[in-house]
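First up is the structure itself, then whatever we jot down about it.
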Amino acid sequence: MNTSLALATALLATVPQLHLYEAVEPHMGTLVQIKLYARDQSQAQTAFRAAFERIAQIDAALSDYRPGSELNRMSHEAVGRPVHISEDLLEVAASAQQFARETDGAFDITCGALTHLWREARKLRRVPEAAAIDAARRRCGYRKLHIDTARHTLKLDSPNMQLDVGGLAKGYAADQALAALSKLGIHSALVAASGDLAFSGAPPGQSGWKIGIEARGTPLLLSHAAVSTAGSSEQHLDAGGRRYSHILDPRTGMALNVDITVTVIAKRGIDADAADTAISVLGRDAGLAFLRRRPDLAAWIVTKDNSGHYECVASPGFPRDYDRRGCGSSATR
């Protein structure tokens, strides 16, 4: 055996064999699944504990369901004056404001009053009264929210505002869980929080994690990326012969009643999570225009008309080898 071959053989012998481990816990109103490759059960359990604890920490701060959360406290403490906020709330709020500006308010975390109104409407199974929608809209407006990233502060212009970061918190939590795993030496992992997925390095010996976004589509192979899907298939209100999505248009106060499903690929979960919601509100054509201004994002948009005809459109950055079967027509724009 020559010297170089002997050295390569010795190096391979010292590389620890990695094994796949999986765990699921309830967090952020859903089940969060983590898959990771670790040396052994002990390393995997330590990693799972750190990742889930980080997600729980974010949920405790950013939940709009918990009266004492940092997010909800801002509705009272930050009215008319800047209040120092945590790194988590700062990053999420600053990112949300960027999306709000870029979409002219199609994405807006200040519309918690509308979120609560329509959440109650789904329980009661009836569309809110126009007067109630108008009253909730007056308590919204991303221009009334001010984030100072240098001073780590948040300020609200009006009283009785409610913040809702549900449109990007799960993606952010997935990012942070991966970061917690990386600190412990786990560099090949997947975090899935409902429709929000984030990945670090590919599984050993593979080119990426296999991710399916449609029943008939071929899986995508992704690593060091994130995917988020928004649609009305799971959470919706059926009333008056129409289906209203859980996704709201902050500009009108109404829940979306068009059939659109948006899947976004991004480098970060927080961006993919916010973008699929924003594009859903903007609609296909305006959403594609937004994507042309954001080359770091790519999307697969599926719409259905009143006759049941599906159309699938991919933005320029979406993988071109993706199998587009199952749509009446398809295109790349």
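The values are calculated or read from the model by the stated rules, or taken from the named source; none is laboratory data. No experiment lies behind these values; they were computed from the predicted model shown. Note that we place each Cβ from the backbone using ideal geometry, even for glycine, and neighbour counts take in every protein chain shown. Note: areas computed on protein heavy atoms with side chains; ligands, DNA, RNA excluded. Shrake-Rupley method; radii C 1.70, N 1.55, O 1.52, S 1.80 Å.
One table, with the values for the structure above:
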{"read-out": "Top positive-direction residue, dipole computed over segment 112-254 with Cβ charges, set ALA198, VAL127, ALA150", "value": "VAL127"}
{"read-out": "In nm, spacing of pseudo-spin labels at ALA23 and HIS116 (7 Å Cα→C-beta vector)", "value": "3.5"}
{"read-out": "Total formal charge among the other residues, if their Cβ is under 15 angstrom from that of ALA113, Lys/Arg +1 and Asp/Glu -1", "value": "-2"}
{"read-out": "Computed label-point distance, nm, for sites ALA135 and LYS267 using a 7 Å Cα→Cβ extension", "value": "4.6"}
{"read-out": "Subset of LYS267/LYS304; LYS144/LYS267; LYS35/LYS123; LYS170/LYS267; LYS123/LYS155; LYS210/LYS267 violating a 23 Å alpha-carbon distance limit", "value": "LYS267/LYS304; LYS144/LYS267; LYS35/LYS123; LYS123/LYS155"}
{"read-out": "Pairs of alpha carbons in segment 54-136 whose separation is greater than 19 Å (percent)", "value": "50"}
{"read-out": "Cβ-based charge dipole, the chain, positive-most Cα from GLY269, SER307, LEU256", "value": "SER307"}
{"read-out": "At R0 = 51 Å, FRET efficiency that the Cβ-Cβ distance of ASP40 and SER86 yields, to 0.05", "value": "0.90"}
{"read-out": "Accessible area of the chain belonging to carbon and sulfur atoms, whole % at 1.4 Å probe", "value": "50"}
{"read-out": "Long-range HN-HN contacts of TRP209 with modeled amide H, under 5 Å", "value": "LEU222, SER223"}
{"read-out": "For the chain, with +1 on Lys and Arg beta carbons and -1 on Asp and Glu, the positive-most of LEU288, LEU31, ASN160 along the dipole", "value": "LEU288"}
{"read-out": "Estimated FRET transfer efficiency (HIS224, ARG66; beta-carbon r; R0 41 Å; 0.05)", "value": "0.80"}
{"read-out": "Probe 1.4 Å, accessible area per residue of segment 70-162, Å²", "value": "49"}
{"read-out": "Percent breakdown of C-alpha pair distances by 10 Å bin, ordered from the shortest bin, for segment 164-294", "value": "12, 39, 32, 13, 3, 0"}
{"read-out": "The chain: calculated mean residue ellipticity at 222 nm from DSSP helix runs of at least 4, using -39500 (n - 2.57)", "value": "-11500 deg cm²/dmol"}
{"read-out": "Accessible-area value, LEU117, 1.4 Å probe, nucleic acids and ligands omitted, Å²", "value": "40"}
{"read-out": "Most to least accessible of HIS27, HIS19, HIS236 (protein chains only, probe 1.4 Å)", "value": "HIS19, HIS236, HIS27"}
{"read-out": "Only Lys, Arg (+1) and Asp, Glu (-1) charged, at Cβ; the chain dipole about Cα centre in debye", "value": "340"}
{"read-out": "Potential extension, GLN206-ASP238 segment - 0.36 nm per residue separation minus Cα distance", "value": "7.2 nm"}
{"read-out": "Karplus-derived HN-Hα couplings along segment 122-133 (A = 6.51, B = -1.76, C = 1.60, θ = phi - 60°), whole Hz, x at Gly and Pro", "value": "5, 5, 7, 6, 8, 5, x, 5, 4, 5, 5, 5"}
{"read-out": "Estimated dipole of segment 259-314 in Debye, rounded to 20 [Cβ of Lys and Arg +1, of Asp and Glu -1, Cα centre]", "value": "240"}
{"read-out": "Nearest-20 debye value, segment 47-192 charge dipole, Cβ charges on Lys, Arg, Asp, Glu", "value": "360"}
{"read-out": "Per residue value of the accessible surface for segment 265-325 (all protein chains in place, 1.4 Å probe), Å²", "value": "43"}
